[in-house]
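To keep things clear, I will list the structure first and then write my remarks on it.
Just so it is clear, none of the values below were taken in a lab; they were calculated from the coordinates. In this text, all values refer to a predicted model and were calculated from it rather than measured experimentally. Cβ placement follows ideal geometry from the backbone for every residue including glycine, while neighbour counts extend to all protein chains displayed.
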Amino acid sequence: MFFIGVFGINQKSDLVCEKHGIICPICGAYGRYEVYKNYNYFHIFFIPTFRWGKSYFIKTYCCNNIKGIKDSSNGKLENNDFNVSYYDILFE
């Protein structure tokens, strides 16, 4: 966190959705995953004013992996009806 007087810059991670009883898109096992959204924000008097650098990642519990999700899938992730597939994951 960067802080000067009454304003500053901070980073936050929010849980977008959690899926139970699915086939893992990484290892193929039966399990669950959570999708998180990371972003940076500027705040004045601890009130967020604007955000930038939004990115999504998936955390699986069957194989304990954390992977990024492609930008083309980011718009669909805000709906809980979307399932992350193998082709949506960034393997680096």
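Structural remarks
- Radius of gyration, Dmax [the chain; alpha carbons; angstrom]: 15.5, 50
- Residue-count net charge about Lys70 - beta-carbon cut-off 13 Å; Lys, Arg +1, Asp, Glu -1: -1
- Database remark: amide H of Tyr33 closer than 5 angstrom to the amide H of Lys19 (H placed geometrically; neighbours at sequence offset of 5 or more, or on other chains; Pro and chain starts carry no H).
- A protection proxy built from the mean count of other Cβ atoms within 10 Å ranks the segments 39-52, 16-29, most packed first, as 16-29, 39-52.
- Rounded to the nearest Hz, the phi-derived 3J(HN,Hα) couplings of segment 46-53 under the Karplus curve 6.51 cos²θ - 1.76 cosθ + 1.60 (θ = phi - 60°) are 6, 10, x, 9, 8, 10, 7, x, where x marks glycine and proline.
- Put a plus charge on the Cβ of each Lys and Arg, a minus charge on the Cβ of each Asp and Glu, and nothing anywhere else: the dipole of the chain about its Cα centre is then about 100 debye.
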